[in-house]
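Take a look at the structure set out below.
The values are calculated or read from the model by the stated rules, or taken from the named source; none is laboratory data. Everything numeric here is computed off the predicted structure, so don't read it as measured data. Cβ placement follows ideal geometry from the backbone for every residue including glycine, while neighbour counts extend to all protein chains displayed.
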Amino acid sequence: MSEIEVDGADAEGARDAIAAKLAFLGVDPATVTASPLPVLVAEALGFVRASGAPPRVYFCGSIRGGRQLQPRYAAMIAWLQGRGYEVLTAHVGRADVLTFERATRVTDRAIYEGDMAWIEQADLVVADVTVPSLGVGMELMRADDLGKPILCLCEETTSLSSLVSGHPRAAVVRYRDDEDALRALSRAVEAHGSPASTRPAAEMRGEA
Ligand code: 6IA
């Protein structure tokens, strides 16, 4: 990999100078990127995300709080993955997550540290908050501390903690059933738009 620099008083002059230099070096312009070398190195080392990388979603759902909605979590995660999102926490949708947790003998401290690191990496935090879960509540507060966009979904009749429904930065969307849950997720995620976007919660709720 190498970097070329050219003199040029304007963009057009610089473009022509780059084209001439590439032709002289016999380099196909289609193989060239406009990113400077330090940016490419930082991307390769994982210090910054590569441009065009899929947005990352930290999906939260109850685990020790109760697994009755696991199939719904799995459907939401599959929907996000199908739309090109990278879901950092796909294990939340696994039917065997608790068995797997025991089999791997992963410690609670390791789970905590891994999850905190993933939240930092996420572009968007999506939580199904129908089943009350201490872990999900903690994840939402950490996501808020980091200024992450937060989308909470729950069933229409859920008696939601006021700390979630009253959260000024969390968009809370209610749905009727499994099918409606995916529709609500789709609408809210589309309102969120670009991964870097920090649109207000009202917009994700569909009020704006
Ligand atoms: O208090 P709860 O267990 O209901 O909290 C659920 C939340 O904690 C989920 O949104 C998860 O992100 C997180 N969480 C709980 N257990 C784990 C876990 N177990 N791994 C990662 N995050 C977890 C290990 C499973 C693994 C070996 C596949």
(request) Pull up the stretch 135-158, narrow it to residues that are assigned to a helix (DSSP H, G or I) and among the aliphatic types (A, V, I, L, M), then point me to the one that is farthest from the ligand (Cβ to nearest atom). (result) M141
(request) Could you list all residues from the stretch 118-132 that are in contact with a helix residue (DSSP H, G or I) (Cβ under 9 Å, 6 or more places away or on another chain) and either of a type in the set (K, R) or under 23 Å from D180 (Cα atoms) (or both)? (result) L124, V125, V126, A127, D128, V129, T130
(request) Evaluate the stretch 187-200: report whether one residue or more is more than 16 Å from the ligand (Cβ to nearest atom), buried (at least 16 other Cβ atoms within 10 Å of the Cβ) and at pLDDT 95 or above. (result) no
(message) Could you tell me how many of the residues in the stretch 160-190 are within 18 Å of the chain's Cα centre (by Cα) and over 18 Å from S62 (Cα atoms)?
(response) 8
(message) Name the residue that is farthest from the ligand (Cβ to nearest atom), counting only residues in the stretch 66-90 that are surrounded by 15 or more Cβ atoms within 10 Å (Cβ to Cβ) and of a type in the set (G, A, S).
(response) A75
(request) Scan the stretch 103-124 and give yes if some residue there is under 20 Å from R174 (Cα atoms) and within 13 Å of the ligand (Cβ to nearest atom), otherwise no. (result) no
